[in-house]
Amino acid sequence: MSGVGVTRGGGGVGRRRVLVFPLPFEGHINPMLQLAGALHGRGGLSVTVLHTRFNALDPSLHPELAFAEVPDGVPPDVAAAGSIAEIIHAMNAAMEGESSPTWTSVRDVLASVVAADEEKPPAACLIIDANLLAVQKAAASLGLPTLVLRTGSAACLSCFLAYPMLHEKGYLPPKGQ
């Protein structure tokens, strides 16, 4: 597909390959790149890092990895405001529906990096950030298995897991505010 920029590194025909896609914030990028480094270095896997233009990664800092830019659909005014919640919401909203141009672009980029060629083996799976919910749909449409990396602390996960019980008991959503 033209227009998809894949910066190659750490290729190698015959090696297994995984794709990783972090949320574009340092607390999510760093753990995902650490995982990518471990999969490449200790696991012997070829790794392609999908990233957005917002808070884009520098491929020259990780020559052992391949990189592919994915459209994020974040409007410039939302990105400039810097509200993490609004950026995540805008990103997922833009990638949500199959009729969305951003969803189609995300799917097209995934399709182009999933396929094998003489330089790279086929992708075995995609590891996404837990907050990139819409990307999982695009991966599923291509038959690409998806794993989720939660980058929050154990305390954060415990709180997250308590939401269904709090909702069931009527504490959520809060009333009278």
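The values are calculated or read from the model by the stated rules, or taken from the named source; none is laboratory data. All values derive from a computational prediction rather than experimental measurement. Positions of Cβ are backbone-derived with ideal geometry, glycine not excepted, and every protein chain shown enters the neighbour counts.
Could you say whether any residue in region 138-155 is at pLDDT below 85, surrounded by 13 or more Cβ atoms within 10 Å (Cβ to Cβ) and not hydrophobic (A, V, I, L, M, F, W, C)?
Taking every residue of region 138-155 in turn, at least one turns out to be at pLDDT below 85, surrounded by 13 or more Cβ atoms within 10 Å (Cβ to Cβ) and not hydrophobic (A, V, I, L, M, F, W, C).
Within region 44-71, how many residues are assigned to a loop (DSSP other than H, G, I, E, B) and either under 14 Å from the mean Cα position of the chain (by Cα) or free of Cβ contacts under 8 Å to residues at least 12 places away in the same chain (or both)?
7
Restricting attention to region 42-78, report how many residues are over 24 Å from residue 15 (Cβ atoms) and of a type in the set (A, V, I, L, M, F, W, C). Outline the logic, then answer.
Step one: of region 42-78, the residues over 24 Å from residue 15 (Cβ atoms) are 52-56, 71-78.
Restricting the remaining residues to those that are of a type in the set (A, V, I, L, M, F, W, C) gives 54, 56, 74, 78.
The total comes to 4.
State yes or no: is residue 173 over 28 Å from residue 26 (Cα atoms), in contact (Cβ under 8 Å) with a residue 24 or more places away in the chain and assigned to a loop (DSSP other than H, G, I, E, B)?
Details: over 28 Å from residue 26 (Cα atoms): yes; in contact (Cβ under 8 Å) with a residue 24 or more places away in the chain: no; assigned to a loop (DSSP other than H, G, I, E, B): yes.
Here the answer is no, as residue 173 does not meet what is asked.
Return the pair list, or none, for Cβ contacts closer than 8 Å from residues in region 144-155 that are farther than 11 Å from residue 27 by Cα to residues that are among the small types (Gly, Ala, Ser) and in a loop (DSSP other than H, G, I, E, B), at least 6 apart or on different chains.
Matching pairs, first to second residue: 148/130; 149/130.
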